[in-house]
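A quick write-up on the structure given underneath.
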Amino acid sequence: MKRFLKSSFSIFLALTILLGTAAVGLNELDFSGIFAVKAKAYSDLTFELNEDGTTYELVACNKKTSGGITIPKTYNDKPVTSIGSRAFSRRGSLTSIEIPSSVTSVGEYAFSGCNNLTTVTFDKNSQLQTIGDHAFSSCKSLTSIEIPSSVTSIGYAAFS
C-alpha cells in the first residue's frame with residue numbers, strides 16, 4: 001500500500017510540475033496535434049489554437065466589452081480562421097464587428113443576442129464560406145449585412 005501511495009504521489013507531482021510549466025508559458029510550448037491549447041486573451045478576445053497547429057479560432061469575448069470590435073487577421077503570427085460557437089453571444093453592448101478576410105467560418109450562435117449590434121463588416125477579400133445556425137439570431141438592431149460572395153452555406157435561422 002505504501003509503495004502504491006508513493007508511486008501515485010510521484011506521478012501526481014510530475015504532472016503538477018509539467019502542467020504548471022505549461023500554464024506559465026503556453027505561448028512558448030507547442031502542443032499542436034495533441035490537443036487544442038487555450039491561449040491568452042488578446043485585448044477582450046480569447047483564441048484557441050486549432051488541432052492543425054497552424055490556425056486559431058476566436059472562442060470568446062469578454063462580457064464587459066462594448067462598442068466596436070475588430071477581429072485581428074492573425075494571432076501569435078498564425079491566421080484566425082474561425083469564430084467559434086457562442087463566441088460573442090449575448091454581448092449586448094457590442095455595436096459593430098469587423099471580420100477579416102482570414103475567417104472562413106462563423107459558428108452556431110456566434111453573435112446571437114447581440115441586441116445593439118448594428119453593423120457587421122466583412123473584409124472586401126473575404127474568404128468566408130459558412131455561417132452557422134442562429135449565428136446572428138436575435139440581433140434586433142442589425143439593419144443590413146452584405147454577405148460575401150464566397151459564402152457557400154448559411155445555417156438554419158442564421159438571421160432570425
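The values are calculated or read from the model by the stated rules, or taken from the named source; none is laboratory data. All of these numbers come straight from a predicted model, not from anything done at the bench. A quick note on method: Cβ atoms are made from the backbone with ideal geometry, for glycine too, and the neighbour counts reach across all protein chains shown. Note: areas computed on protein heavy atoms with side chains; ligands, DNA, RNA excluded. Shrake-Rupley method; radii C 1.70, N 1.55, O 1.52, S 1.80 Å.
Some values worked out for this structure:
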read-out: Residue in region 45-60 that is free of Cβ contacts under 8 Å to residues at least 24 places away in the same chain and small (G, A, S) present; value: yes
read-out: Top-ranked residue of region 127-154 - restricted to ones that are more than 12 Å from I97 (Cβ to Cβ), open to solvent by less than 20 Å² (accessible area, probe 1.4 Å) and small (G, A, S), ranked as nearest to the chain's Cα centre (by Cα); value: G132
read-out: Residue that is most open to solvent (accessible area, probe 1.4 Å) [pool: residues in region 48-72 that are touching an Asp or Glu at 6+ places or on another chain (Cβ under 8 Å) and not in a strand (DSSP E or B)]; value: K64
read-out: Those residues of region 99-111 which are of a type in the set (G, A, S), in a loop (DSSP other than H, G, I, E, B) and surrounded by fewer than 23 Cβ atoms within 10 Å (Cβ to Cβ), in sequence order; value: S101, S102
read-out: Subset tally (residues that are under 13 Å from V59 (Cα atoms) and open to solvent by 20 Å² or more (accessible area, probe 1.4 Å)) for region 82-98; value: 2
read-out: Single residue of S96, S126 found to be of a type in the set (G, A, S) and not in a loop (DSSP other than H, G, I, E, B); value: S96
